[in-house]
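Report on the structure given below.
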Amino acid sequence: MTISAKGRRPLYGPLFDGVATTADGLPRYQAIYRALRNAILGGTLKTGTRLPSTRTFAADIRVSRKTAEEAYAQLEREGYVERRTGSGTYVADVPLPQKKTRVRLEGDRRIALRARAATDAASCIEPQTVRPFAAGLPALDAFPVDLWRRLVALHARRLDADGLIYGDPAGYAPLREAVASYLVASRGVNCDASQVIIVNSSQQALDLAARLLLDPGDEAWIEEPGYYGARAAFLSAGARVVPVPVGAEGLDVAAGIALAPRARVAYVTPSNQFPLGVTMSLERRLALLEWTRRANAWIVEDDYDGEFRYDGRPLAAIQGLDTTGRVLYAGTFTKSLYPSLRLAYLVVPPDLVEPFVRARTQIDGHPATFMQAVVADFLAGGHFGAHVRRMRALYHSRRDILIDALQRRLRGRVEVAGADAGLRLSLFIDRSDRRVSERAARAGLEVPPLSRLYCGARPRNGLVLGYAALSPAAIRGGVEALRAIL
């Protein structure tokens with residue numbers, strides 16, 4: 001079979017229309033090559049079909065002969081055509097792609113019970129855009145980008161072959177040292193660098209703790225309401241989650257003992273409880289430590305934004321009060337620096353370092369070394385402490401703007417809670433928070449329902465409002481939009 005210049009265009013002309021004036025940036029010969037290749041793979045040009053000579057082909061589609069020759073040559077190099085001396089160019093015997101067949105999903109296709117329980121819990125998908133009132137986002141507009149660029153450029157210039165090898169699964173040693181120094185000085189944590197494990201997120205820290213501390217069937221206390229990521233981590237480990245109520249002084253330790261006295265783990269956010277924002281009293285901190293000593297249990301202390309306290313100084317961590325090595329302390333740079341950095345840390349008792357590091361190698365090997373080095377310099381140079389102080393003042397201001405707008409525009413309709421610290425606060429409302437959240441989403445607001453953070457039978461209606469990433473104008477505009485909904 002031969003394609004003639006006269007007979008080709010009605011059948012194959014549309015394949016080549018416009019290739020002489022391609023607008024997608026491709027060289028002309030590439031456009032011709034792709035059109036012919038697609039025709040061969042699609043079965044339009046069948047095995048053994050004789051193509052026109054490059055002279056005839058070039059004249060027919062109005063390109064130079066050199067362009068046509070380059071297209072034919074690439075097809076020949078890749079095995080789509082055969083060029084026979086004295087005979088011409090023919091479509092080669094090319095295996096065609098198999099047509100997709102519909103997959104029949106048969107048999108028992110259930111995932112594991114533990115996985116089903118975890119995936120049925122609320123997901124940990126974080127906001128990917130800055131809009132009112134996305135919680136958990138820091139003030140990205142106030143991040144010291146120029147300083148950060150200089151540090152990144154400095155480490156890029158220093159990069160050599162040694163920086164390309166696998167890293168320490170416990171983390172970059174200078175960063176571990178800088179984190180330990182910072183936590184001892186600012187958070188009252190009792191540790192040294194050997195106890196610090198660098199991870200990719202606080203969620204990974206929780207997953208590691210659940211893997212190593214809990215056996216299937218073990219009981220684990222979580223705050224009620226509380227962080228859904230902790231619930232998912234413990235359920236994934238096969239644990240039985242026990243919601244323990246949170247009051248004005250934080251986790252009710254006496255209630256936890258009554259509900260599950262032999263629990264293996266208690267998860268707490270004592271410096272700024274999520275989502276109610278209360279601070280655990282010293283009395284309850286000591287009671288929790290005493291219970292762990294008697295029950296041979298563990299505390300997982302999540303201090304994800306403990307630096308940002310506006311009424312009084314940040315409180316020391318529970319870990320600093322621990323005298324029996326029963327507390328694991330987790331923190332993150334997601335809230336203090338920026339979310340896409342994906343770096344956090346876990347401080348574990350000395351005897352747990354080796355098993356935790358070994359378990360970490362089974363998840364993802366080690367964190368990326370390059371950005372760890374940048375963060376280490378940021379901390380060691382005093383930039384981190386200065387940045388946190390600036391952000392504390394900025395967030396304090398934005399919190400005050402939000403509270404003022406809520407009080408003026410929603411007077412008597414809502415009750416504000418959890419405004420003493422952190423990057424967000426909660427509103428209690430007297431109607432279905434899920435319906436309000438859905439209506440708010442349609443209006444361009446992101447206000448997660450508070451009831452989603454309960455796993456007991458009697459959730460309270462409310463909304464979680466983040467403010468740290470918002471300008472004053474965005475805060476006031478968001479409150480106006482929320483007022484129209486409420």
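Across region 386-485, Cα pairs under 8 Å and at least six residues apart give a relative contact order of 32 percent.
With a simple spin-label model that places each label point 7 Å from the Cα along the Cα-to-Cβ direction, the separation between residue 164 and residue 404 comes to 5.5 nm. When volume of the Cα convex hull per residue in Å³ is calculated for this entry, the matching label among (i) 232; (ii) 156; (iii) 286 is (i).
The mean sequence distance of close C-alpha pairs (under 8 Å, at least 6 residues apart), as a share of the length of the chain, puts its relative contact order at 17 percent. Ordering 177, 106, 78, 307 by the number of other Cβ atoms within 10 Å of each residue's own Cβ, fewest first, gives 106, 78, 177, 307.
Note on residue 483 and residue 83: the model spin-label points, each 7 Å out from Cα along the C-beta direction, lie 7.6 nm apart. For the pair residue 458 and residue 109, the difference between a 0.36 nm per residue extended length and the Cα-Cα distance amounts to 122.3 nm. In this Cβ point-charge picture (+1 for Lys and Arg, -1 for Asp and Glu), the chain has a dipole of about 2360 debye about its Cα centre. Given R₀ = 30 Å, FRET efficiency for residue 295-residue 338 by Cβ-Cβ distance, to 0.05? With R0 = 30 Å, the Cβ-Cβ based efficiency is 0.15. Taken along the Cα-to-beta-carbon direction at a fixed 7 Å, the label points for residue 396 and residue 157 span 3.8 nm. Fully extending the segment from residue 184 to residue 258 would add 23.2 nm, taking 0.36 nm per residue of separation and subtracting the current Cα-Cα distance. Taking the helices alone, the chain has a mean residue ellipticity at 222 nm of -12500 deg cm²/dmol, built from -39,500 (n - 2.57) per DSSP H run of at least 4 residues and averaged over all its residues. Taking other Cβ atoms within 10 Å as a rough exposure proxy, 299, 401 sort from fewest to most as 401, 299. Computed from the C-beta positions of residue 361 and residue 129 and an R0 of 25 Å, the FRET efficiency is 0.10 to the nearest 0.05.
All of the numbers you see were taken from the coordinates with simple rules; none came from a lab. Quick caveat: nothing in here was measured; it's all calculated off a predicted structure. Cβ coordinates were reconstructed from backbone atoms using ideal geometry, including for glycine residues, and neighbour counts include every protein chain displayed.
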